[in-house]
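Taking it in order: structure first as structure tokens, then the write-up.
The values are calculated or read from the model by the stated rules, or taken from the named source; none is laboratory data. Worth saying up front: this structure is predicted, and the values here are computed from it rather than measured. Neighbour counts are summed over all protein chains in view; Cβ atoms, including those assigned to glycine, are modelled from backbone coordinates with ideal geometry. Quick note on the areas: whole protein, heavy atoms, side chains included, nothing else; ligands and nucleic acids left out. Shrake-Rupley method; radii C 1.70, N 1.55, O 1.52, S 1.80 Å.
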Amino acid sequence: MNEKERLSRAMHGESVDRPPCICPGGMMNMITTELMDTAHVVWPEAHLDAQKMANLTIANYENGCFENVGVPFCMTVEAEAMGAQVTMGTKIFEPHVTDYAVDSITEWRKITPIDLTRGRAKIVLEAIQILKERNLDVPIVGNITGPVSTASSVMDPVVFYKGLRKNRTEAHAYMQFVADAIIKYARAQIEAGADVIALSDPSGTGEILGPKLFEEYAVKYINRILDSLQKEKMGTIVHICGQMKNVYTQAEQLHSDVLSFDSCVPMKEAKKNLKHHTLMGNVSTWALEFGTPDKVFSLTDKCRRDGSAIISPACGLGTKSPLANIQAIKRGILEGQEAVS
């Protein structure tokens, strides 16, 4: 199987020759400083130039790391497009929000509607088009930031979380506005050539929200986004950070094809509780940055044996992760499959 066919089949629970090895991009950034040096393409320039963005994600694939390409390399594009101030970071640090667009949930009507013809949203769409024109056999993953994470980046997160409880009417109106903006952006990524849409919502965890608010806000608006995307593409991935033991019932309601979790979630436990999704993950990003290739190899094999159908890092890579450690994930899959065979 080529990489695109393998991932497509794995996402839908069909038989494959071996598990795919991917890192979507977005929050689950796949880029390291060593890879930048190898590719001669660096941050922050690659965040602002579509050709450099495309070249850098292709370099990840060409250097034996992951079996996909994916952009962008951060989760601030949507918030910036809605008026938040963002710094582009450095070669080591990803872009992050430095100032908010509004001060409270009741001010959400002041937020700038997302404009896909300008700024970094336009750059990401152009990078996807460039990747599509390369005619690769590898899947192109378009990345969107989840609704809770986007909403809590446009304003102070503490103020946002308080508003979810104290002003539910305005909170739902705001979340609908945010979700519809993300839908617009995700649809444009699909039209540009993305095969898969990965949605990461690290601020929308059960640990932060609790089961009730997780269902009321995270599940509701993630599903609003997923249900609005074209069905003829390969599928969707949702990544939720943090512990899941208190929200497995709610997570099972998510309409994605694939669910991805942090390394604190035991894959065996997730597999017992989630019957309607393909599971993805969850090689420790700490081990990828600070461990050895042999340690990464063993963790990869454990993920596969514990029920992960798609092998990936648990979250985004630390930019100082050694290339040899990242390459050990794929080696762990290939050699583990040979042992099974």
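Within the listed set 94, 133, 34, the residue fluctuating most in the Gaussian network model of the chain (springs between alpha-carbon atoms under 10 angstrom) is 133. Taking all protein chains into account, the per residue accessible area for the chain stands at 39 Å² (1.4 Å probe). The stretch 73-96 and the stretch 131-176 have Cα centres spaced 13 Å apart. Under a 5 Å amide H cut-off, with hydrogens placed 1.01 Å from N, residue 86 pairs with 98 among residues at least 5 apart or on other chains. Length gained on full extension, residue 246 to residue 96: 51.1 nm, using 0.36 nm per residue less the C-alpha separation. Segment residue 87..residue 38, full-extension length gain: 15.2 nm, with 0.36 nm per residue of separation and the alpha-carbon distance subtracted.
Helical runs (DSSP H, four residues minimum) scored at -39500 (n - 2.57) apiece and divided by the length of the chain put the mean residue ellipticity at 222 nm at -13500 deg cm²/dmol. Relative contact order of the stretch 1-90: 31 percent, from C-alpha pairs under 8 Å at least 6 residues apart in sequence. Using a probe radius of 1.4 angstrom, the carbon and sulfur fraction of the accessible surface of the chain is 48%. Cross-link pairs exceeding 28 Å between alpha carbons, from the set 212/233; 166/271; 91/122; 212/275; 110/320; 295/320: 212/233; 166/271; 110/320. Here the average projected area of the convex hull drawn through the C-alpha atoms of the chain stands at 15.1 nm². What is the distance in Å between the Cα centres of the stretch 229-255 and the stretch 1-57? Computed from Cα coordinates, the inter-centre distance equals 20 Å. Computed over the stretch 113-186, the P(r) curve from all C-alpha pair distances, binned at 5 Å from the origin, holds 3, 14, 20, 19, 14, 11, 8, 5, 3, 1, 0 percent per bin. Could you give the Stokes-Einstein D for the stretch 168-244 in µm² per second, using the C-alpha Kirkwood radius, 10 °C, 1.306 mPa s? Result for D is 120 µm²/s. Give the residues of the stretch 51-76 whose amide nitrogen is closer than 14 Å to a point set 7 Å from the Cα of residue 133 in the direction of its Cβ. Correct set: 51-55. Phi-derived couplings, Karplus 6.51 cos²θ - 1.76 cosθ + 1.60 at θ = phi - 60°, listed residue by residue for the stretch 98-112: 10, 7, 9, 7, 9, 9, 7, 4, 5, 9, 4, 5, 7, 5, 5 Hz, with x used for Gly and Pro. Annotation: average projected area of the stretch 26-66 is 2.7 square nanometres, based on the convex hull of Cα atoms across all directions.
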